[in-house]
Amino acid sequence: MNTPKASWRNTTHDWRTGVDAEHLAHIRQTPATFAPGGALHLILEVVAYVADEAECGNGGHCAITLHADGSVSVADDGRGTDTRLDTDDRMVKKPIMASKDLRFFDHPEAQTLPDGHPRRGMSVVAALSEWLVHTNRRQNGAWNQRYEHGVPVTDLEPIACDGTTGTVVRFRPDRSLPTAGLTADELVRLTLSWPALSVEIDDDRAGWQ
């Protein structure tokens, strides 16, 4: 049965928020605070969600690709991002990209990522990326959505189901962010901090400028 959003339990994000423009703007105003270490930190913010799934026994494999165009994709085999139908039969996904993670953003002491910096959430990645495409596969359907600087520029666009579940997050970090230290070897070293997670890394860059 479809139920109103106001009745949905908020665990990681507020279902009622949708797009928190003020929150996204705050991140963009101080990128050094929210992405210390630049693009490398953004990757770890994404992989942390995959590690959460793996620790709960949902999936456990993560594929990171450093693309030649400077974008990065992180793919996993988890359950996919929670997506529900509201009372008007509209598909609503948990607003992980455009609103704060209630567990971490205002509580930087709550969890530290493998680079030693606080975990803040996926909205940091979206806000500090020129563009981001979120592809989602769940048992109740599959879709993708594109964001620019954290703001969705498309609706949920249905895609063909292939019998799998999981997510692919592909993003192009803002060109102002540093990329020093972003190597496959460094990603391997850092992701070893998540023992429940199996990680493969493919570096397709011909030069990231």
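In summary, Asp52 fulfils each of the numbered conditions (1) of a type in the set (D, E, K, R); (2) closer than 19 Å to Thr135 by Cα; (3) touching a residue at least 12 places away in the same chain (Cβ under 8 Å); (4) not in a strand (DSSP E or B) with the single exception of condition (3).
Taken together, the residues in segment 180-204 that are crowded, with 18+ Cβ neighbours inside 10 Å and either over 17 Å from the mean Cα position of the chain (by Cα) or of a type in the set (Gly, Ala, Ser) (or both) amount to 2. Here Gly59 fulfils each of the conditions (1) of a type outside the set (Asp, Glu); (2) assigned to a loop (DSSP other than H, G, I, E, B); (3) free of Cβ contacts under 8 Å to residues at least 60 places away in the same chain; (4) over 26 Å from Arg90 (Cα atoms) apart from (3).
Within segment 85-106, track down each residue that is out of contact with any helix residue (DSSP H, G or I) (no Cβ under 8 Å at 6 or more places or on another chain) and either of a type in the set (Lys, Arg) or more than 13 Å from Arg16 (Cβ to Cβ) (or both). First the steps, then the outcome.
First pass over segment 85-106, keeping only residues out of contact with any helix residue (DSSP H, G or I) (no Cβ under 8 Å at 6 or more places or on another chain): 85, 87-91, 93-95, 102-104, 106.
If the condition is that a residue be out of contact with any helix residue (DSSP H, G or I) (no Cβ under 8 Å at 6 or more places or on another chain) and either of a type in the set (Lys, Arg) or more than 13 Å from Arg16 (Cβ to Cβ) (or both), then Leu85, Thr87, Asp88, Asp89, Arg90, Met91, Lys93, Lys94, Arg103, Phe104, Asp106 are the ones that fit.
Go through segment 15-32 and give me each residue that's of a type outside the set (Gly, Ala, Ser) and within 14 Å of Asp174 (Cβ to Cβ).
Taking segment 15-32 first, the residues of a type outside the set (Gly, Ala, Ser) are 15-17, 19-20, 22-24, 26-31.
Leu24, Ile27, Arg28, Gln29, Thr30, Pro31, listed by residue number.
Tell me, which residue of segment 99-125 that is closer than 18 Å to His41 by Cα and of a type in the set (A, V, I, L, M) is surrounded by the most Cβ atoms within 10 Å (Cβ to Cβ)? Within segment 99-125, the match that is surrounded by the most Cβ atoms within 10 Å (Cβ to Cβ) is Val125. For segment 51-58, does any single residue satisfy the condition of being touching a strand residue (DSSP E or B) at 6+ places or on another chain (Cβ under 7 Å) and not charged (D, E, K, R)? Within segment 51-58 (the criterion being touching a strand residue (DSSP E or B) at 6+ places or on another chain (Cβ under 7 Å) and not charged (D, E, K, R)), the answer is no, since none of the residues qualifies.
Give me the residue from segment 126-135 that is under 19 Å from Gly80 (Cα atoms) and either of a type in the set (Asp, Glu) or surrounded by fewer than 24 Cβ atoms within 10 Å (Cβ to Cβ) (or both) and, out of that set, nearest to the chain's Cα centre (by Cα). Checking each candidate, the answer is His134.
Here is a check on your reading of the model: is Val19 within 16 Å of the chain's Cα centre (by Cα) and surrounded by fewer than 18 Cβ atoms within 10 Å (Cβ to Cβ)? Taking the combined requirement at face value, the residue satisfies it. Is one or more of the residues making up segment 107-130 assigned to a loop (DSSP other than H, G, I, E, B), in contact with a His (Cβ under 7 Å, 6 or more places away or on another chain) and under 24 Å from Trp8 (Cβ atoms)? Within segment 107-130, none of the residues are assigned to a loop (DSSP other than H, G, I, E, B), in contact with a His (Cβ under 7 Å, 6 or more places away or on another chain) and under 24 Å from Trp8 (Cβ atoms). Considered as a group, the residues in segment 164-179 that are in a strand (DSSP E or B) and either of a type in the set (Val, Ile, Thr) or in contact with a Lys or Arg (Cβ under 9 Å, 6 or more places away or on another chain) (or both) include one that is surrounded by the fewest Cβ atoms within 10 Å (Cβ to Cβ), and that residue is Val168. Assess whether Arg79 counts as being in contact with a strand residue (DSSP E or B) (Cβ under 9 Å, 6 or more places away or on another chain), of a type outside the set (A, V, I, L, M, F, W, C) and outside any loop (DSSP other than H, G, I, E, B). Against the criterion (in contact with a strand residue (DSSP E or B) (Cβ under 9 Å, 6 or more places away or on another chain), of a type outside the set (A, V, I, L, M, F, W, C) and outside any loop (DSSP other than H, G, I, E, B)), Arg79 does not qualify. Candidates in segment 143-159 are the residues that are assigned to a strand (DSSP E or B) and in contact (Cβ under 8 Å) with a residue 60 or more places away in the chain; of these, the one that is surrounded by the fewest Cβ atoms within 10 Å (Cβ to Cβ) is Val151.
Each reported figure results from applying straightforward, stated rules to the coordinates on display, with no laboratory input. Keep in mind that what you see is a predicted model, and the values were worked out from it rather than measured. Glycine gets a Cβ as well: all are built from the backbone with ideal geometry, and neighbour counts include every protein chain shown.
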